[in-house]
């Protein structure tokens with residue numbers, strides 16, 4: 001067995017030829033139930049490994065082959081020299097029209113793989129049996145004659161040679177392929193293929209959708225993600241078809257998660273093929289065991305306390321098994337600290353472990369460990385941005401991250417940062433409506449770098465943090481962020497944000513909860529619901545004698561109907577501001593105020609209201625009044641401004657509320673005493689908030705494609721784009 005230091009903290013899988021299979025398996029691999037099933041020599045049903053990059057697909061394929069080699073028993077095992085078969089080399093330059101044809105012709109890729117695998121199997125069987133009759137019927141075609149004569153024995157080599165031909169010549173080769181299959185059907189000895197890295201061979205054809213491509217020069221001018229996706233799906237499909245055609249053939253291969261997501265759109269038989277796939281997934285416990293296994297094979301010279309019975313203490317020292325958070329007055333187990341700075345990929349943990357192993361054990365303090373993790377997480381972020389740039393418009397980090405001043409943000413803060421980001425992007429941000437380029441936080445969420453807070457499914461009183469994992473990433477372009485009372489910046493971004501924001505995040509760093517996937521969230525930011533109300537046509541009565549009476553009446557009515565609200569304020573004699581955590585309470589109060597105003601005998605009047613929702617903070621301050629200073633409490637929050645902007649546009653007798661009020665109002669538990677018998681168990685009555693149309697609100701700018709309105713005081717005011725809803729407070733409206 002080689003020196004342990006050679007095998008610990010590997011980022012890229014590699015073979016260790018002198019290791020026996022059991023030793024190799026126990027040293028490198030943590031076996032989940034799915035992996036254990038896959039590695040079983042008796043497993044013939046699950047042959048396709050599916051996972052994102054960094055999950056150890058190649059490592060498992062190597063282990064699978066190692067098992068077959070040691071239990072050979074007459075099996076013809078392909079690619080013994082290189083251990084794992086994979087396409088090598090570069091595709092030749094092609095005209096744009098040819099590349100477009102290749103990117104749209106799935107059946108061509110299936111045919112190419114079928115020819116490559118069948119020829120490789122037939123040649124291997126002929127070598128093993130010394131039967132050269134397989135060449136009959138094939139030597140009449142130049143390409144087949146050359147392949148039979150040359151030392152191109154592996155499917156990957158034949159595949160590369162075939163797709164290097166002229167497009168029309170490939171079609172001709174496919175048309176002459178029927179003579180292969182009678183020879184393929186004669187194979188009566190077990191032949192096993194192990195094929196990997198098809199995705200990497202086609203990486204040069206991946207698109208670059210990032211906001212600022214780092215390298216605009218490319219050998220292949222025409223790029224298309226389908227040139228990357230189709231060959232992977234075609235290999236899995238052909239493996240399924242050939243195994244069904246000849247039970248002696250077994251084809252083990254790998255596929256990237258992102259290609260697997262497209263299989264149902266491309267392959268008609270995707271369901272049974274998916275049944276042959278093993279999707280690699282790891283729990284927190286699995287990842288910890290992987291990390292500890294690597295400590296076990298770390299050289300003693302790289303351990304702090306080699307004789308300690310506790311594996312983690314050997315690596316970091318007993319005093320560092322728990323590490324204090326920089327800003328939250330809590331300590332956490334050091335593995336939890338490592339894990340929450342990753343994207344839950346084994347490769348990320350190997351990268352962090354390797355950085356720590358390079359710290360001299362004598363100086364492996366908590367500060368040194370934090371510094372190593374900071375450096376490692378920057379590499380992790382770089383890798384996910386690079387890997388996902390073909391599929392998402394990954395943001396321009398230099399511009400976006402400098403405006404983030406806290407690791408816990410409200411929706412309003414995200415919107416403000418987004419607007420500034422788009423402005424600084426300039427022409428690149430002025431794209432078609434709905435483009436991901438203009439919505440960087442949607443992309444961060446899809447990459448697992450922006451989390452949300454939500455209630456547990458089985459416990460409505462416990463909140464947890466959620467970040468998408470790589471196995472949960474979907475390629476569809478959702479139009480909205482999921483609703484959350486706050487949004488969380490992934491810890492892997494902390495160092496990046498710190499550097500880009502010139503350290504501003506330190507002042508705003510959340511100090512109550514440690515941010516990390518699946519961690520419990522205590523006392524989440526609570527959205528408050530704001531209603532700003534005003535009398536319609538009030539200026540007409542200001543000069544009348546009844547003015548003082550109306551002012552007094554509004555105060556009396558508010559005392560009667562608003563006594564349960566969290567905050568109520570009068571201004572200007574005719575305006576009222578109402579704030580509460582319950583949407584039912586503020587709507588009910590608005591409804592009661594309107595009812596009393598309409599039934600006021602001396603001068604019936606109508607009211608209108610603007611509504612918004614968001615975090616509200618209350619500041620204690622002083623004001624000078626009547627010769628003395630007095631203490632007052634002042635609410636702060638963007639919802640106050642939004643409600644004030646909406647109120648003048650509300651039809652008399654109704655409230656005009658923005659999208660956040662609607663979305664969060666509908667998700668709160670209903671007050672059974674609120675708003676009559678039509679209360680929905682999901683929150684406000686289902687029919688209470690009616691989507692507003694452009695004809696309802698002609699005074700506001702309307703974006704027809706998204707059915708949203710632009711709310712702003714004037715052209716100098718930052719625009720707020722949102723859907724709007726009318727609440728009928730007066731049943732006559």
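The values are calculated or read from the model by the stated rules, or taken from the named source; none is laboratory data. Note that the structure is a prediction, hence the values are computed from the model and not measured. As a convention, Cβ positions derive from the backbone with ideal geometry for all residues, glycine included, and neighbour counts pool all protein chains shown.
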Residue ID - farthest from residue 486 (Cα to Cα), chosen from residues in the stretch 378-410 that are more than 17 Å from the chain's Cα centre (by Cα) and in a helix (DSSP H, G or I): 379
Looking at 588, 603, can you tell me which residue is surrounded by 21 or more Cβ atoms within 10 Å (Cβ to Cβ) and either at positive phi or outside any strand (DSSP E or B) (or both)? 588
For the stretch 709-729, which positions are part of a strand (DSSP E or B) and in contact (Cβ under 8 Å) with a residue 24 or more places away in the chain? 711, 720, 722, 724, 725, 726, 727, 728
Does at least one position in the stretch 418-431 carry a residue that is within 24 Å of residue 53 (Cβ to Cβ) and either surrounded by fewer than 21 Cβ atoms within 10 Å (Cβ to Cβ) or not assigned by TED's automatic domain parsing to the domain that holds residue 612 (or both)? no
Only one of these is closer than 22 Å to residue 107 by Cβ and either assigned to a strand (DSSP E or B) or out of contact with any helix residue (DSSP H, G or I) (no Cβ under 9 Å at 6 or more places or on another chain) (or both): 268, 278. Name it. 268
State all residues of the stretch 247-264 that are surrounded by fewer than 16 Cβ atoms within 10 Å (Cβ to Cβ) and under 21 Å from the mean Cα position of the chain (by Cα); if no residue qualifies, say none. 264
Take residues that are under 30 Å from residue 283 (Cβ atoms) and tell me which of the helices (runs of 4 or more DSSP H) falling wholly in the stretch 27-127 contain 3 or more. 33-39, 57-70
Has the stretch 68-78 got at least one residue that is in contact (Cβ under 8 Å) with a residue 24 or more places away in the chain, buried (at least 21 other Cβ atoms within 10 Å of the Cβ) and within 22 Å of residue 153 (Cα to Cα)? yes
Restricting to the stretch 339-382, count the residues that are in contact with a strand residue (DSSP E or B) (Cβ under 7 Å, 6 or more places away or on another chain) and either closer than 24 Å to residue 256 by Cα or assigned by TED's automatic domain parsing to the domain that holds residue 493 (or both). 0
The correct count of residues that are under 20 Å from residue 537 (Cα atoms), at pLDDT 80 or above and touching a helix residue (DSSP H, G or I) at 6+ places or on another chain (Cβ under 7 Å) in the stretch 591-627 is 12
Across (1) modelled with pLDDT under 85; (2) under 28 Å from residue 696 (Cα atoms); (3) touching a helix residue (DSSP H, G or I) at 6+ places or on another chain (Cβ under 8 Å), residue 671 clears everything bar (2)
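Residue by residue, here is whether (1) at positive phi; (2) under 34 Å from the mean Cα position of the chain (by Cα) holds:
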{"site": "697", "(1), (2)": "no, no"}
{"site": "701", "(1), (2)": "no, yes"}
{"site": "704", "(1), (2)": "no, yes"}
{"site": "707", "(1), (2)": "yes, yes"}
{"site": "712", "(1), (2)": "no, yes"}
{"site": "715", "(1), (2)": "no, no"}
{"site": "720", "(1), (2)": "no, yes"}
{"site": "723", "(1), (2)": "no, yes"}
{"site": "729", "(1), (2)": "no, no"}
Tell me the residue from 174, 233 that is in a helix (DSSP H, G or I) and within 23 Å of the chain's Cα centre (by Cα), please. 233
Scan (1) exposed (fewer than 13 other Cβ atoms within 10 Å of the Cβ); (2) assigned to a helix (DSSP H, G or I) for the single condition residue 158 breaks and write down its number. (1)
Test residue 326 against the stated conditions and say whether it is more than 22 Å from residue 448 (Cα to Cα) and part of a loop (DSSP other than H, G, I, E, B). yes
Report every pair of residues separated by at least 6 positions or lying on different chains whose Cβ atoms are under 8 Å apart, first residue within the stretch 612-640 and over 24 Å from residue 666 (Cβ atoms), second outside any strand (DSSP E or B). 617/637; 636/616
May I ask you to list the residues in the stretch 559-590 that are without any contact (Cβ under 8 Å) to a residue 40 or more places away in the chain and in contact with a helix residue (DSSP H, G or I) (Cβ under 7 Å, 6 or more places away or on another chain)? 561, 562, 564, 565, 568, 570, 573
